[in-house]
Amino acid sequence: MGQPENRGDRLPPGQRLQRGWPVTHYGPVPRFRPERWEFRVFGATADGDKHCWNHEDFSALPYHTVVADLHCVTKFSMMDVEWGGVPAAEILRLAPPADGVTHVMIWAEYGYSANVRMADFAADTTLFATHRDGELLTAEHGFPVRLVVPGLYAWKGPKWVRGVEYMTADRRGFWEERGYHNVGDPWQEQRYSYQESPQDGPEP
């Protein structure tokens, strides 16, 4: 489905337009140590191996830009943001998932996690962002890498990402275990777990 032409038509229910970029996150801002940084893909990979990139190698992966809106569950929306970084599709190409993988868990600093359906993760607009509007992300906004999943609320795109786990069954991430909706579609206003239908969450 294409983007509506009118910005008002592109604003999900309950959201408001935001000027500027508020800093929102849980916990402290991690200190970046390039010599220790590693991006990992693990879990149900096609070859059964773990795939790793250090910061220099990850930074050398193909760079793409995506212009996309960002919708925060706290009800602000930023429109027409230019994100730059490594497409999720490139990670899937370099480290293919095994047959039967239905979800990924995105892992970030301090053990933070967010589960995402494979269809959302594999979308053309999903990006491991290193830049915004041509400038490197600041530490407060997720440097060196944050995930951007434009079709979902922003908490599904963690800051300070360190890896991706391929999963053959869904399980809840950090905020999903604390009462947030398991899917997080802003157009359906899927904010909290009490709104879930049986098919939205992992099997009990």
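The values are calculated or read from the model by the stated rules, or taken from the named source; none is laboratory data. Note that the structure is predicted; figures quoted are calculated from it, not measured. Neighbour counts run over all protein chains shown; Cβ positions are idealised from the backbone, glycine included.
Structure notes:
- Count of segment 39-49 residues, restricted to those that are surrounded by 13 or more Cβ atoms within 10 Å (Cβ to Cβ) and charged (D, E, K, R), is 1.
- A single entry from Thr138, Thr130, Thr168 fulfils the requirement of being over 18 Å from Asp80 (Cβ atoms), of a type in the set (S, T, N, Q) and touching a Leu at 6+ places or on another chain (Cβ under 7 Å): Thr130.
- Odd one out for Val183 among (1) out of contact with any Phe, Trp or Tyr (no Cβ under 6 Å at 6 or more places or on another chain); (2) at pLDDT 95 or above; (3) within 26 Å of Lys50 (Cβ to Cβ): (3)
- Filter result (aromatic (Phe, Trp, Tyr) and assigned to a loop (DSSP other than H, G, I, E, B)) within segment 172-188: Phe174, Trp175
- Taking the criterion of being touching a residue at least 60 places away in the same chain (Cβ under 8 Å) and of a type in the set (A, V, I, L, M, F, W, C), the residues of segment 129-151 that qualify are Ala139, Phe143, Val145, Val148.
- Matching residues in segment 158-182 - criterion: being free of Cβ contacts under 8 Å to residues at least 60 places away in the same chain and over 14 Å from Pro202 (Cβ atoms): Pro158, Arg178, Gly179
- Summed over segment 52-65, the residues that are surrounded by fewer than 18 Cβ atoms within 10 Å (Cβ to Cβ) and either among the basic types (Lys, Arg) or assigned to a strand (DSSP E or B) (or both) give a count of 4.
- Test result for Asp120, in contact (Cβ under 8 Å) with a residue 40 or more places away in the chain and over 19 Å from Glu38 (Cα atoms): no
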